[in-house]
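Below: one structure, written as structure tokens.
The values are calculated or read from the model by the stated rules, or taken from the named source; none is laboratory data. If you're wondering where the values come from, they're calculated on a predicted model, not measured in any experiment. Cβ atoms come from the backbone with ideal geometry, glycine included; neighbour counts cover every protein chain shown. Heads up: the accessible areas ignore ligands, DNA and RNA and are worked out on the full protein's heavy atoms, side chains in. Shrake-Rupley method; radii C 1.70, N 1.55, O 1.52, S 1.80 Å.
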Amino acid sequence: MAGQDAPPRGDRKMQQRLARGEAAALGELYDRYASLVHSLAHRVLGEEKAADTVTREVFAHVWEHPETYDPRQGPLRTWITTVTRRLAVGRLRDSEAAALGHGLGGDAGELERKVRHASVAARAYDIVHAMPAPLRAALELAYVQRRDYRQTATDLNVTEDEARRRLRLGLQLLSTAHDAGVPPEPGGAR
């Protein structure tokens with residue numbers, strides 16, 4: 001999705017404020033994105049304490065490296081979620097590798113399967129939360145509430161053709177999560 005989303009005009013200004021060391025800018029970003037970052041980290045790691053740690057690490061990275069955000073690549077939100085995925089998957093890889101080293105886990109193949117699964121799940125989570133509300137609503141009705149396309153159309157007050165179109169587009173967007181699910185290199189965002 002990088003490059004496809006036009007970043008909000010305030011993203012470049014926010015980056016400049018961070019680069020100048022304005023603590024208020026970091027506070028604003030934290031208020032805006034902390035719950036998203038924490039939710040995404042928790043989805044990857046499955047532990048509250050680890051998600052708290054990753055959340056702190058993400059905002060430390062944003063504060064220390066605002067120059068790594070390139071507004072031409074997409075919105076600030078996308079950059080922050082990318083940093084979150086990298087740090088969370090890196091932490092998962094480290095913790096699973098430590099478990100392997102202590103004889104507590106499976107084999108290296110199992111570790112990479114878990115890392116890949118977590119990376120795909122995190123990417124899917126980000127895609128769903130970034131997609132337009134009409135697509136997200138259709139997917140939630142169909143896959144969370146188990147509505148068929150006819151019921152989805154009725155619930156959304158749209159035609160059946162429109163409901164099918166929204167579901168198809170939403171699923172097409174979600175399918176990119178698997179394509180982009182290659183685990184990041186260890187330490188990619190550090």
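The table that follows gives values for the structure above.
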{"read-out": "Matching residues, the range 17-34, being open to solvent by 90 Å² or more (accessible area, probe 1.4 Å) and in a helix (DSSP H, G or I)", "value": "30, 31, 32"}
{"read-out": "Matching residues, the range 51-69, being under 17 Å from the mean Cα position of the chain (by Cα) and open to solvent by less than 20 Å² (accessible area, probe 1.4 Å)", "value": "51, 54, 55, 58, 59, 62, 69"}
{"read-out": "Filter pass, residue 46 being closer than 20 Å to residue 120 by Cβ, out of contact with any strand residue (DSSP E or B) (no Cβ under 9 Å at 6 or more places or on another chain) and surrounded by fewer than 18 Cβ atoms within 10 Å (Cβ to Cβ)", "value": "yes"}
{"read-out": "Members of the range 139-164 found to be surrounded by 14 or more Cβ atoms within 10 Å (Cβ to Cβ), touching a residue at least 12 places away in the same chain (Cβ under 8 Å) and among the charged types (D, E, K, R), listed by number", "value": "155, 164"}
{"read-out": "Search result, residues across the range 70-80 that are at pLDDT 90 or above and open to solvent by less than 10 Å² (accessible area, probe 1.4 Å)", "value": "76, 80"}
